[in-house]
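The next block holds one structure in the form of structure tokens; read it before the comments.
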Amino acid sequence: MILENIKSPADVKKLKATELDTLATEMRQALIQKISRCGGHCAPNLGIVEATIALHYVFESPKDKIVYDVSHQSYSHKMLTGRAEAFLNENKYGSVTGYTEPNESEHDHFMVGHTSTSVSLALGLATARDIKGEKGNVIAVIGDGSLSGGEAFEGLDNAGEYATNFIVVVNDNEMSIAENHGGLYGSLAELRATNGKSENNYFKSLGFDYIYVEQGNDIQALIAAFTQVKDSSKPVVVHIHTLKGKGYSFAEQNKEGFHWSAPFNIETGVVDWGSGESWSGILSNYLMAKIKADPNVVVIHSAVPAGIGFFAPQRKEAGKQFIDVGIAEEHAVALASGLAKGGAKPIYSTHSTFIQRTYDQLSQDLCANNNPATLLITMSGADGMNDTTHLCIFDIAMMSNIPNLAYLCPTCVEEAKAMMDYAVDQTKCPMAIRIPNSVAHREGEFDKDYSKVTYKIDKLGSKVAIIALGDFYKRGEAVASELAKRGIDATVINPRFASGVDAELLESLKANHQVVVTLENGVTAGGFGQKIATFYGDASMKVLVKGLKKEFYDKVSFEDLCKSNRLNPEQIAEDVTSMLS
């Protein structure tokens, strides 16, 4: 096997043309084998194998710096930079991350997990090189889907003014996560159709030289193109046309489904997504029903429509009432504000980790204008994604402190639907709803009016009050059970709102409670619990704020996070008992 002998890019340069093709086959087999066992970004990595080989054959990494966008196309890069064993040895599958990571290798320059960043990051490296009078190529590798992000345009627009070595490899597989959306993709289509000769050239208009490679999975064609631009003295785009999912028929046929895949059966292509209810299915059914019942409802997503269960059939059925803006979360929030101002009923959904990109639009475009759009924040909490680049634990601190925005946290499916019903039809203010990561059901009636911040006492006790937010409500009930074993009859409260305090209810607790415990599935710094602690700041009430420490966790299991942050019910009960004594 050739791959197992590749210890650095220098080993790639020693190979003959036929051996490079064999290497590509071996890399693809290793990718499929590992991802089928562990899950991961499958189709994007399968499509860029040849380009990665050609990059390392022509350039001199790490002297020549290669920066990957999103870095879900970096698995092949890792194989060729000393980490092949992490893809060949099942016992070492977990030894590398799914993203570029400078702590792993000198060939990785940034930890990158969000999209559209490579051009700006790489341009910074190129500028630093020039300022220091150093030599070397700087290459940004960006997928066509990532071009829809505003930061990608900003980086390209700025780079076009530079008279220096700066190479952008645009990996055009005609796909984002789902299909591409945006006017610039007409330009890319024309370039593909004319073998790069169309005058409608987005990149040239920004000041770049331009080379097109139709056979983007042909190693020799790629080597020729990269050799041509190596040591260039001005910015240049190498536009390569590749096949997403290449080499695995099921990924080629279902590019969206295999963009990121759970473990799957190689022979059948059947993916193990697990069984039972999922929030994507629940939201899909709910939102489709809203669309059918009200022509003013418009559902918006930014490139990951599977997050709300909007696959190709749902997108087609929704028609103009569904908008995929591409990887443009900032635009999505401003678009929702405009739709609401115009009298429509916009519902924008994205994952917790991606809403972070929209702070200015949330604050200025939406909330300062107080337009009644609805935001559904999915994959929230420490039990969502757990890579450093995709943590879902900062949204409460971020969103609950923006004026005019009501941030609701349901405890179960039934309460979430009640909150969504109210949010979509009300015209008072923008409202966001934090969709839990796990599916839970509760019996009983849930309020239909969320116009005022009011907490709900579900169980009245004394001495200790547990205020458990959203999906940590069940954890709060478990804490109450642990305290009951210690002879303490605790009050259990569902606060429902992360964005405000129920002063009347909190004041009433002073009469017969000594300790208030807050629970939230997010960082405590700037979070919900600190609002409660601030309220009781000049009172004798003791407040125990429970959540996560403000850190960049990486691949730490939810169970370990709960244990280390003393979030298990037994640990919380111990801490409460200690405070009482």
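Every read-out reported here was derived from the displayed coordinates using simple, explicitly stated rules and does not represent laboratory data. Because the structure is predicted, anything quoted here is derived from the model rather than measured. Backbone-built Cβ (ideal geometry, glycine too); neighbour counts: all protein chains shown.
Taking a quarter of the surface of the convex hull around the Cα atoms of the chain, what do you get in nm²? Intermediate results must be reported in sequence, preceding the final value.
Numbers: hull surface 113.0 nm².
So the Cα hull casts an average projection of 28.3 nm².
Under 13 Å from the Cβ of Ser481, count the other residues' Cβ atoms, weight Lys and Arg +1, Asp and Glu -1, and hand me the total.
That sum, taken over residues with Cβ under 13 Å, equals +1.
Cross-link partners among aspartates and glutamates for Lys452, C-alpha distance below 19 Å, same-chain residues fewer than 8 apart left out?
Glu415, Asp421, Asp425, Asp502, Glu504, Glu507
Can you pull the one-decimal nm distance between simple spin-label points at Val270 and Lys320, each 7 Å off the Cα toward Cβ?
Output for this residue pair reads 4.2 nm.
Which residues in region 62-81 have a backbone N closer than 19 Å to a point placed 7 Å from the Cα of Phe552 along the Cα-to-Cβ line?
It comes to 66-74, nothing else.
Ranking request for peptides 526-539, 140-153: highest mean number of other beta-carbon atoms within 10 Å first, then the rest in descending order.
With the highest mean Cβ count within 10 Å placed first, the list reads 140-153, 526-539.
Note the angle between two axes, namely the Cα long axis of helix 17-38 and the longest principal axis of the Cα atoms of the chain, as a number of degrees from 0 to 90, rounded to the nearest 10.
Long axis of 17-38 versus the principal axis of the chain: about 10 degrees.
Specify the inter-centroid distance of region 132-165 and region 445-483, based on alpha-carbon positions, in whole Å.
Each part's Cα centre sits 50 Å from the other's.
Could you order the peptides 503-512, 26-35 from most to least packed, using the average number of other C-beta atoms within 10 Å per residue? Let's see the in-between values first.
Working: 503-512: 13.7, 26-35: 20.9.
Listed from highest to lowest mean packing, they are 26-35, 503-512.
Using DSSP, restrict attention to beta bridges with both residues in region 426-566 and report what percent are antiparallel, rounded to the nearest 5.
Taking every DSSP beta bridge with both residues in region 426-566, the antiparallel ones total about 15 percent.
Taking just the alpha carbons, could you work out the radius of gyration and Dmax for region 279-434, both in angstroms?
Considering region 279-434 through its Cα atoms, Rg and Dmax are 14.1, 40 Å.
Setting aside same-chain residues fewer than 8 positions from Lys459, which lysines have a Cα under 16 Å from its Cα?
Lys474
Which residues does a label at Lys135 reach in region 217-232, if reach means a backbone N under 13 Å from a point 7 Å past the Cα toward the Cβ?
Under cut-off, by backbone N: 231-232.
Express in nm, to one decimal, how much length is gained between Glu161 and Ala189 on full extension, taking 0.36 nm for each residue of separation and deducting their alpha carbon distance. Please list the in-between numbers first.
On the way: separation 28, 0.36 × 28 = 10.08 nm, distance 2.53 nm.
Difference between extended and current length: 7.6 nm.
Just to confirm the filter: which trypsin sites (Lys or Arg not before Pro) across region 355-455 are DSSP coil and have at most 11 other Cβ within 10 angstrom of their Cβ?
Loop-located and lightly packed - Lys448, Lys452.
What FRET efficiency comes out for the pair Thr18/Glu90, r = Cβ-Cβ distance, R0 = 30 Å, nearest 0.05?
On the way: r = 29 Å, r/R0 = 0.96.
So the FRET efficiency works out to roughly 0.55.
How far is helix 473-485 tilted off the main Cα axis of the chain, in degrees rounded to 10, range 0 to 90?
On a 0 to 90 degree scale, this one is about 50.
Would you list the P(r) distribution for region 119-205, with all Cα-Cα distances sorted into 10 Å bins from 0 and each bin expressed as a whole %?
Reading the bins upward from 0: 16, 46, 29, 9, 0.
Counting other Cβ atoms within 10 Å of each Cβ, which GluC sites (Glu not before Pro) in region 269-348 have at most 14 and sit in a DSSP loop? Don't skip to the answer; put the middle values down first.
Numbers: sites: Glu277, Glu317, Glu329, Glu330; in loops: Glu277.
Loop-located and lightly packed - Glu277.
Which loop-located trypsin sites (Lys or Arg not before Pro) does region 49-115 contain, where loop means any DSSP state but H, G, I, E or B and the Cβ has at most 14 other Cβ atoms within 10 Å?
Hits after loop and neighbour filter: Lys63.
Could you state the angle between the C-alpha long axis of helix 49-58 and the longest principal axis of the C-alpha atoms of the chain, as a value from 0 to 90 degrees rounded to the nearest 10?
Approximately 60 degrees, to the nearest 10.
Here is the link list: Lys92/Lys563; Lys65/Lys549; Lys65/Lys316; Lys78/Lys234; Lys531/Lys563. Which ones come out longer than 32 Å on Cα distance?
Lys65/Lys549; Lys65/Lys316
Please report the relative contact order for the chain, taking Cα pairs under 8 Å with a sequence separation of at least 6, and give it as a percent rounded to a whole number.
With pairs under 8 Å counted, the relative contact order is 10 percent.
Which of the peptides 97-106, 475-484, 516-525 is most tightly packed, and how do the rest follow, going by the mean number of other Cβ atoms within 10 Å of each residue?
Ranking the peptides 97-106, 475-484, 516-525 by packing returns 516-525, 475-484, 97-106.
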